[in-house]
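A quick write-up on the structure given underneath.
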Amino acid sequence: MREIDWGATRLTGEDSRPLTCRCTVLARTCPPPVSAESYGVRLTLEETGEAAEVQDLTLLPGKIETLADTLLRCGVTPCALADVVSDWLL
């Protein structure tokens, strides 16, 4: 599996401490007979190590890029990732 660092965003925690949330795009080669890569995302809070990931969301690089950009722009944290992705898939 390849991991592509997509970027990070600065957030403010509930206790007013600054947090950095890093987004990583996950790419893995699909097994034969499919000749493609499957993409997912991981969000990690650098200060605490809290992380969440969802794999195999799409085969389209443009779609995962748009999702990763949106996650960073909207300040999504690991604890909210599953809900946001669930809405995104609808």
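The values are calculated or read from the model by the stated rules, or taken from the named source; none is laboratory data. As the structure is a prediction and not an experimental result, all values here were calculated from the model. Because the Cβ atoms are built from the backbone with ideal geometry, glycine has one as well, and the counts that use them run over all protein chains shown.
Points to keep in mind about this one:
Let's see how each residue does on (1) within 21 Å of Leu90 (Cα to Cα); (2) under 10 Å from the mean Cα position of the chain (by Cα); (3) not β-branched (Val, Ile, Thr):
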| site | (1), (2), (3) |
| --- | --- |
| Thr20 | no, no, no |
| Thr24 | no, yes, no |
| Pro32 | no, no, yes |
| Asp56 | yes, no, yes |
| Leu60 | yes, no, yes |
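- Enumerated strands (runs of 3 or more DSSP E) restricted to segment 2-90, each holding at least 2 residues that are modelled with pLDDT of 95 or more and of a type in the set (Ser, Thr, Tyr): 18-29, 37-45
- Note on segment 61-90: residues that are hydrophobic (A, V, I, L, M, F, W, C) and within 16 Å of Met1 (Cα to Cα) amount to 1.
- Any hit, segment 9-26, residues being closer than 15 Å to Gly75 by Cα, in contact (Cβ under 8 Å) with a residue 60 or more places away in the chain and buried (at least 17 other Cβ atoms within 10 Å of the Cβ): yes
So that you can scan it fast, the table gives a plain yes or no per residue for (1) over 9 Å from the mean Cα position of the chain (by Cα); (2) more than 19 Å from Leu11 (Cα to Cα):
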{"position": "Ile64", "(1), (2)": "no, yes"}
{"position": "Cys74", "(1), (2)": "yes, no"}
{"position": "Ala80", "(1), (2)": "yes, no"}
{"position": "Asp87", "(1), (2)": "yes, yes"}
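- Pair list, Cβ under 7 Å, 6 or more apart: segment 69-88 residue at positive phi, other residue surrounded by 13 or more Cβ atoms within 10 Å (Cβ to Cβ) and among the β-branched types (Val, Ile, Thr): Gly75/Thr9
- The residue list Ala8, Ala51 contains one member that is closer than 16 Å to Thr70 by Cβ, touching a strand residue (DSSP E or B) at 6+ places or on another chain (Cβ under 9 Å) and of a type outside the set (D, E, K, R), which is Ala8.
- Complete set of residues in segment 62-80 that are closer than 13 Å to Val25 by Cα and surrounded by 13 or more Cβ atoms within 10 Å (Cβ to Cβ): Lys63, Ile64, Glu65, Thr66, Leu67, Ala68, Asp69, Thr70, Leu71, Leu72
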